[in-house]
Amino acid sequence: MSKDTPSIFQKLMGQLSVYALNETHPDTFTVIRMKKEAKKIMTTNQALGASAYGLIAAAEGDLEESERQHAIAIKLSRKPHYVMYRSMSMRTLGNHAESYRLMQSIMKVMPKPVDLIDAEIIVAFDTGHHQDVKNYYDELVRIQGGISTQSLIRVYFSTLILKSNIDLDAFPFIASLVKSLAKNHHIKDPGTLVELIGDQLFFWIEIEKDENTLALMNEQLAGDLASITPYNLDHFHAGFRTEVEHPAMKYEDIFEVINDYEPNNT
């Protein structure tokens, strides 16, 4: 295998992750360019090349082609990494249940899939799947794996959401609404802050916009949230605001909230 093949694949993965996180699709020119890179990979590692094509197809929204390419990769190699790449495609395509099922199967054969789980925490949070975030974190604890700061913050925020007792099924819709509004107003990488005060959950999206734009976006968001049924969002508040300075949080305080959480099974 060429020494450049893994680096080409990792670079391609980084580019594709943007579309997974933002739930957008690459334009035709970008797809052509990425497929040229996948073709380079294919010349030295057919399994890895097929996975690259499968991930690209997922970014395009083509489930059938993505599954076909991943099936080729998994047939060519029994390494669990190739199931992992299929899991990533399922997440990109919005099939979170299948992605999680595949992740669970990978964890049984990969002693410490730390980097994979860390990345999945970010995607799960940004798509509103907060129980998955906690499940992935619990798995990291079980295998004694490390966690990045950006993922840890998302676990903390997700724990607050779980503590709120607001219907979790509403959050993928909420995440989709927020992303759609941000995209329409040409906002990239907004900040997020989640606060649980009493029984009231506050979900802030921090952006750099003027007051008129903020007012317009909050009006649109309020209207969109009101249309989400049949979920009770009486104790949920979401809004766009300019970034404010937050007091630095101590790691021990974050872990205390996360580790003290006990699911309500009633």
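Data overview
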{"item": "Residues being surrounded by 17 or more Cβ atoms within 10 Å (Cβ to Cβ) and over 15 Å from Glu120 (Cβ atoms) - total across segment 78-95", "result": "1"}
{"item": "Check on Thr149, among the β-branched types (Val, Ile, Thr), surrounded by fewer than 17 Cβ atoms within 10 Å (Cβ to Cβ), modelled with pLDDT of 90 or more and not assigned by TED's automatic domain parsing to the domain that holds Ala47", "result": "yes"}
{"item": "Condition check for Ile56: at pLDDT 95 or above, in a helix (DSSP H, G or I) and under 13 Å from Ala20 (Cβ atoms)", "result": "yes"}
{"item": "Odd one out for Val178 among (1) in contact with a helix residue (DSSP H, G or I) (Cβ under 9 Å, 6 or more places away or on another chain); (2) surrounded by fewer than 17 Cβ atoms within 10 Å (Cβ to Cβ); (3) closer than 21 Å to Asp234 by Cβ", "result": "(2)"}
{"item": "Hey, Val133 without any contact (Cβ under 8 Å) to a residue 60 or more places away in the chain, outside the structural domain of Leu48 (by TED's automatic domain parsing) and either over 28 Å from Phe203 (Cβ atoms) or among the aromatic types (Phe, Trp, Tyr) (or both) or not", "result": "no"}
{"item": "Restricting segment 110-136 to residues that are in a loop (DSSP other than H, G, I, E, B) and out of contact with any His (no Cβ under 6 Å at 6 or more places or on another chain), the residue that is nearest to Lys163 (Cα to Cα)", "result": "Gly128"}
{"item": "Conditions (1) surrounded by fewer than 10 Cβ atoms within 10 Å (Cβ to Cβ); (2) out of contact with any Leu (no Cβ under 9 Å at 6 or more places or on another chain); (3) of a type outside the set (S, T, N, Q); (4) outside any helix (DSSP H, G or I): number failed by Pro263", "result": "(2)"}
{"item": "Matching entry among Lys40, Lys75 (being without any contact (Cβ under 8 Å) to a residue 12 or more places away in the chain and over 24 Å from Val155 (Cβ atoms))", "result": "Lys75"}
{"item": "In segment 225-245, the residues that are free of Cβ contacts under 8 Å to residues at least 60 places away in the same chain and surrounded by 10 or more Cβ atoms within 10 Å (Cβ to Cβ)", "result": "Leu225, Ile228, His237, Gly239, Phe240, Arg241, Thr242, Glu243"}
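The values are calculated or read from the model by the stated rules, or taken from the named source; none is laboratory data. Computed from a prediction, not measured in an experiment: that's the story for all the values here. Every residue, glycine as well, gets a Cβ built from its backbone with ideal geometry; the counts of neighbours run over all protein chains shown.
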